[in-house]
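*Asks:* Here it is: the structure, laid out below.
The values are calculated or read from the model by the stated rules, or taken from the named source; none is laboratory data. Just so you know, these numbers come straight off a predicted model, no measurement behind them. Heads up, the Cβs are rebuilt from the backbone with ideal geometry, glycines too, and the neighbour counts pull from every protein chain shown. Note: areas computed on protein heavy atoms with side chains; ligands, DNA, RNA excluded. Shrake-Rupley method; radii C 1.70, N 1.55, O 1.52, S 1.80 Å.
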Amino acid sequence: MALPNQYAAPTANEYGGDEVSALVLDPGSCTIRAGFAGEDTPKSVVPTFYGVIPNEPDLLFGENRIHNPHNGLEIRNPYGEDGLVEDWDTAAKLWEYSITTRLTGPRATPPNRNGLNDRSTKERADAQAAGITDDVEMEETEEMERPLADAPLLMSEPGWNPTKAREKAMEIAMEDWGVPAFWSGRSGVLAAFSAGKASALVIDIGASNTSVTPVSDGMILKKGIMKSSLGGNWISNQIRLMFSQQQPPVSITPHYAVVTKTPVDAGAPSQAILKKFDFTLTNSFRRLEEERVLTEFKESVVQVWEGPGRLSNGTNEDIAKSQPGRPFEMPDGWNQVFGVERYRAVEGLFDAKAAYTDAENPAPQTSQTIPGLIDAALKACDVDLRPILLNNIVVVGSGSLFYGLTRRLNIELDTMFPGPRVRLFAPGNSAERKFAGWIGGSILASLGTFHQMWVSQKEYQEHGSGIVEKRCK
């Protein structure tokens with residue numbers, strides 16, 4: 001009888017079999033996406049932000065709970081500015097919440113523990129005589145506390161995630177959640193798979209950063225991964241600077257603070273009646289609510305200058321001023337029609353000199369812009385591979401949905417690389433860009449040939465969390 005090798009594919013009962021769909025978890029610094037493999041979009045999208053109330057042991061998770069004003073409510077995020085987990089305990093709770101509240105639910109209580117079949121005193125005495133102790137019952141209880149023991153889990157991670165963080169995520173899935181099988185995929189690779197490409201240059205404009213990841217034959221090229229802090233949060237800060245530098249400065253009033261508002265002319269001060277609270281609202285809560293207003297502004301007003309040339313070149317600003325403006329109204333009724341300003345808010349992604357600055361927010365480096373990241377990523381790759389990557393550029397992330405961004409990116413790349421053919425792939429469906437990493441994981445985990453890739457509980461028990469570096473490359 002041949003002994004199975006140490007990396008033998010898990011059997012059907014170890015990964016759940018074809019009857020049980022794998023779970024796909026795509027955590028990020030803004031939202032956590034979760035759903036079942038084989039589906040088009042994630043069923044669960046939960047904010048990564050969570051609430052903490054003084055002297056209250058329970059954390060507040062979910063959209064409905066963190067946006068309600070409460071005395072002393074602090075808003076926090078377990079992720080750091082580089083998109084990596086800093087608070088592992090809370091991150092694990094958020095990930096579990098995103099799955100159990102929308103997808104699997106709590107595990108069903110077995111009939112012998114549902115309160116209807118409690119043992120009588122005589123039955124307990126008989127059980128003790130037969131050697132059935134409370135330790136056995138505790139083991140059953142611990143088994144019940146493993147919420148994801150019925151389905152394998154595919155989890156995404158940033159391309160720059162360190163080894164220790166990868167192992168920690170695997171430990172949480174295997175030991176705390178009890179998943180039968182696990183696999184960890186790089187978000188850049190999964191985004192390429194969502195576009196149907198094994199080799200690609202993936203440009204991901206997320207909330208905390210923008211990254212450029214070269215992928216060759218389904219493997220990331222670590223030396224070519226480039227990232228910068230110029231993501232969605234940076235653009236929000238640019239809009240804040242734009243409002244603060246207007247004359248007079250424009251304040252951002254969140255929705256929760258407005259009782260009633262009166263229509264006013266464009267540019268005129270608001271005539272709203274603001275709500276008064278008899279308790280303390282923290283700065284972190286207000287900033288989160290202001291961010292919702294800035295998100296509305298980004299979605300309805302902000303636009304990328306399409307070119308030719310940069311906004312500061314020649315007469316481009318005059319051309320931008322001559323185009324029809326876009327109106328926007330604040331929750332308190334203040335409104336304005338935005339002309340060239342709507343281009344300037346995001347121009348810093350391509351031209352570092354065009355960014356809004358002040359004493360606390362210096363101008364970014366040219367190497368942090370999208371063209372700078374692409375140039376550095378390609379220079380770190382082999383010369384023979386560069387034409388293939390330029391011919392398969394995939395643009396994903398919520399920050400890529402600005403009107404005109406893909407056209408501007410095409411013009412910038414044609415200017416930078418006039419020789420090789422540049423081909424940009426950016427799905428027209430916004431969900432396919434926002435959830436590209438999750439969709440790639442959904443496709444991968446639903447393939448019949450992927451079953452041999454899972455790391456089973458048995459393999460984890462034999463080799464420990466270090467196996468993630470060998471199996472999940």
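*Asks:* Pop a pseudo-label 7 angstrom from the Cα along the beta-carbon direction at both Ser312 and Thr163 and give the gap in nm to one decimal.
*Replies:* Taking the two extended label points, one gets 4.3 nm.
*Asks:* When the scattering of segment 414-453 is computed by the Debye formula from its Cα atoms alone, each counted once and equally, what is log10 I(q)/I(0) at q = 0.29, 0.34 Å⁻¹?
*Replies:* -0.92, -1.06
*Asks:* Obtain the nm distance between the two label points defined at Ala359 and Gln323 by a simple spin-label model: each point lies 7 Å from its Cα along the Cα-to-C-beta direction.
*Replies:* 3.6
*Asks:* Let me ask something additional. Top to bottom by accessible area (1.4 Å), largest first, where do Asp87, Asp58 land?
*Replies:* Asp58, Asp87
*Asks:* Now for a different question. Got a sec to turn the phi values of segment 327-344 into Karplus ³J(HN,Hα) couplings, 6.51 cos²θ - 1.76 cosθ + 1.60 with θ = phi - 60°, whole Hz, x for Gly and Pro?
*Replies:* Whole-Hz 3J(HN,Hα) from phi for segment 327-344: x, 8, 10, 6, x, 8, x, 4, 9, 7, 9, 9, x, 5, 4, 5, 7, 5.
*Asks:* Determine the shape class of the chain: with a ≥ b ≥ c the square roots of the Cα gyration tensor eigenvalues, call it rounded for a/c under 1.5, and otherwise prolate if a/b is greater than b/c, oblate otherwise.
*Replies:* Verdict is oblate for the chain.
*Asks:* When the accessible area of the chain is computed with all protein chains present and a 1.4 Å probe, what percentage of it is carbon and sulfur?
*Replies:* Taking all protein chains in place, the chain shows 49 percent carbon and sulfur surface.
*Asks:* Using the basic label-point model (7 angstrom from Cα toward the beta carbon), what is the Glu63 to Asn283 distance in nanometres?
*Replies:* It is 2.9 nm.
*Asks:* A further question follows. Which whole-Hz ³J(HN,Hα) couplings does segment 379-390 yield from phi under the Karplus relation 6.51 cos²θ - 1.76 cosθ + 1.60, θ = phi - 60°, glycine and proline marked x?
*Replies:* My calculation for segment 379-390 gives 5, 7, 9, 4, 4, 5, 8, 4, x, 5, 5, 5 Hz in order.
*Asks:* Quote the accessible area belonging to Asp82 in square angstrom, nearest 10, computed with a 1.4 Å probe and with ligands, DNA and RNA left uncounted.
*Replies:* Looks like 60 Å² after rounding.
*Asks:* Okay, helix-only estimate at 222 nm for the chain: each DSSP H run of n ≥ 4 adds -39500 (n - 2.57), divide by all residues, round to 500 deg cm²/dmol; what do you get?
*Replies:* -9000 deg cm²/dmol
*Asks:* For segment 240-398, what is the relative contact order in percent, using Cα pairs closer than 8 Å and at least 6 residues apart in sequence?
*Replies:* Relative CO of segment 240-398 lands at 21 percent.
*Asks:* Could you work out how far helix 134-144 tilts from the main Cα principal axis of the chain, as a 0 to 90 degree angle to the nearest 10?
*Replies:* With both axes taken from Cα atoms, the answer is about 30 degrees.
*Asks:* Roughly what angle does helix 88-99 make with the longest principal axis of the chain, taking Cα atoms, 0 to 90 degrees, to the nearest 10?
*Replies:* 90
*Asks:* Something else now. First measure r as the distance between the Cβ atoms of Ala198 and Leu84, then evaluate 1/(1 + (r/R0)^6) with R0 = 30 Å and state the FRET efficiency to the nearest 0.05.
*Replies:* Efficiency for this residue pair is about 0.70.
*Asks:* Mind checking which lysines have their C-alpha under 26 Å from Lys223, skipping anything on the same chain fewer than 8 residues away?
*Replies:* Counting by Cα, and skipping residues close in sequence, Lys223 has these lysines nearby: Lys164, Lys168, Lys197, Lys379, Lys434, Lys470, Lys473.
*Asks:* Moving to a separate point now. With θ set to phi - 60° and the Karplus curve 6.51 cos²θ - 1.76 cosθ + 1.60, what are the ³J(HN,Hα) couplings of segment 217-228 in order, to the nearest whole Hz, using x for Gly and Pro?
*Replies:* Result, ordered by residue: 6, x, 10, 6, 9, 4, 5, x, 6, 10, 8, 9 Hz.
*Asks:* With a ≥ b ≥ c the root eigenvalues of the C-alpha gyration tensor of segment 260-375, is it rounded (a/c under 1.5), prolate (a/b larger than b/c) or oblate?
*Replies:* Oblate is the answer for segment 260-375, as a/c is 1.5 or above yet b/c matches or exceeds a/b.
*Asks:* Over segment 183-331, average the accessible area per residue using a 1.4 Å probe and give it in Å², no decimals.
*Replies:* 46
*Asks:* Work out, step by step, the length gained on full extension between Gln461 and Val259: first 0.36 nm times the residue separation, then minus their alpha carbon distance; give nm to one decimal.
*Replies:* 66.9 nm
*Asks:* Could you pull out which residues in segment 200-215 have an amide N less than 19 Å from a spot 7 Å beyond the Cα of Arg423, following the Cα-Cβ vector?
*Replies:* Zone members listed by number: 200-203, 213-215.
*Asks:* Right, next: Keeping all protein chains in place, calculate the accessible area per residue for segment 369-458 (probe 1.4 angstrom), answer in Å².
*Replies:* Here the per-residue accessible area is 44 Å².
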